[in-house]
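The values are calculated or read from the model by the stated rules, or taken from the named source; none is laboratory data. For clarity, every value in this text was computed on a predicted model and none was experimentally measured. Please note: Cβ atoms are built from the backbone with ideal geometry, for glycine as well, and neighbour counts cover all protein chains shown.
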Amino acid sequence: MTFGVIGNNTKDSLADAVGALLRLGKKYSAEIILHADLENILAPLLGGAVSHHQFLPSAELVSNSNCIVAFGGDGTILSAARMVGRAEVPILGVNLGKLGFMAEVSLAEMDVIIQNIIRGEHSIEERMLLKGRVENELTEFFALNDVVIDNSSSSRIINISIYVDDDYLVNYSGDGVILATPTGSTAYSLAAGGPIVAPTTGVIIVQPVSPHSLSARTVIVPESSTIRISVEHLSNEARVTADGQLETTYTPPLNIIVSKADHVVKLIRQKNRSYYDVLRAKLFWGSDIRLVKGKEHDR
């Protein structure tokens, strides 16, 4: 079993987390290979602990790994998903941040989950990706969370027409529109007032951002749909963003075609923890959020 490692270089706890995984690799006779971006940061901090480990670029790391361990938060998992691409190597998210819905495993739980992966006693959940392209262009982009179309650098509203399978749906005037997967329903879409959707549900969420109409509402369409976003006129450029990480600006008129991708992202899950367990924990459902360390705030 070979574990490839990527991580968020801005996290102070990254070196300690990788060091813990290196010790687990030695303990359970598993090979650990590290992403090339980690070498300059980890080598001075871990010294001899990393001297015998390979640092590989993205493509080689993926092709030589049975599993990718992503240390960080959900943003690190989004980066891992883009790195893995069509190879569909399973990803284990180890949370070094705060809110993270995908990076659900803590450092304290890492020993158990690594053992389970080696023994084949883990579960894998397949998550839908969105595929997008600008009409008349061949280059495609992919998103695990969402594709966002908005006004790139102006506070003025953007007028967007939306078509589903060539049928006209609606025109939104506002700050933009989010096309989200069920995985992305707890990301930007949720902040914009969208619904929470169980991650294995086969739908695409069409969520307006600050619409200038009380009648504008979220629309949920089948995952088999092809959605066309049309921006006819704009005083400046329109921005298309995938997962908050890939960003391109275009001059209207502009048509963006978005549909379900033909490959998935495989996330490693703990068998004894459901999505609803994670949801309750992250959103503090069933808890009195006025309580901090057992003490109630003054009312």
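Can you pull out every residue in the stretch 86-110 that is surrounded by fewer than 19 Cβ atoms within 10 Å (Cβ to Cβ) and under 13 Å from the mean Cα position of the chain (by Cα)?
Correct list: Leu99 only.
Which is over 30 Å from Leu279 (Cβ atoms) and among the β-branched types (Val, Ile, Thr), of Ile149, Ile157, Ile196, Ile178? Before you say what the answer is, go through the steps one by one.
On the way: Ile149 fails: over 30 Å from Leu279 (Cβ atoms); Ile196 fails: over 30 Å from Leu279 (Cβ atoms); Ile178 fails: over 30 Å from Leu279 (Cβ atoms).
Being over 30 Å from Leu279 (Cβ atoms) and among the β-branched types (Val, Ile, Thr) holds for just one of Ile149, Ile157, Ile196, Ile178, which is Ile157.
Which of the residues belonging to the stretch 123-146 are touching a Phe, Trp or Tyr at 6+ places or on another chain (Cβ under 9 Å) and closer than 17 Å to Pro199 by Cβ?
Taking the stretch 123-146 and keeping what is touching a Phe, Trp or Tyr at 6+ places or on another chain (Cβ under 9 Å), we get 125, 129-134, 145-146.
Residues satisfying the conditions are Glu125, Leu129, Leu130, Asn145, Asp146.
Just to be sure, is Ser79 free of Cβ contacts under 8 Å to residues at least 40 places away in the same chain and closer than 24 Å to Lys266 by Cα?
When the stated conditions are applied, Ser79 does not pass them.
Scan the stretch 1-15 residue by residue and report those that are touching a residue at least 60 places away in the same chain (Cβ under 8 Å) and in a helix (DSSP H, G or I).
The first filter runs over the stretch 1-15 and keeps only residues touching a residue at least 60 places away in the same chain (Cβ under 8 Å), leaving 1-8, 11, 13-14.
Leu14 - this is the single residue of the stretch 1-15 that is touching a residue at least 60 places away in the same chain (Cβ under 8 Å) and in a helix (DSSP H, G or I).
Would it be correct to say that Ile113 is touching a His at 6+ places or on another chain (Cβ under 9 Å), surrounded by 14 or more Cβ atoms within 10 Å (Cβ to Cβ), hydrophobic (A, V, I, L, M, F, W, C) and not assigned by TED's automatic domain parsing to the domain that holds Leu234?
yes
Can you name the number of the only condition in (1) surrounded by fewer than 19 Cβ atoms within 10 Å (Cβ to Cβ); (2) touching an Asp or Glu at 6+ places or on another chain (Cβ under 9 Å) that Glu232 fails?
Condition not satisfied by Glu232: (2).
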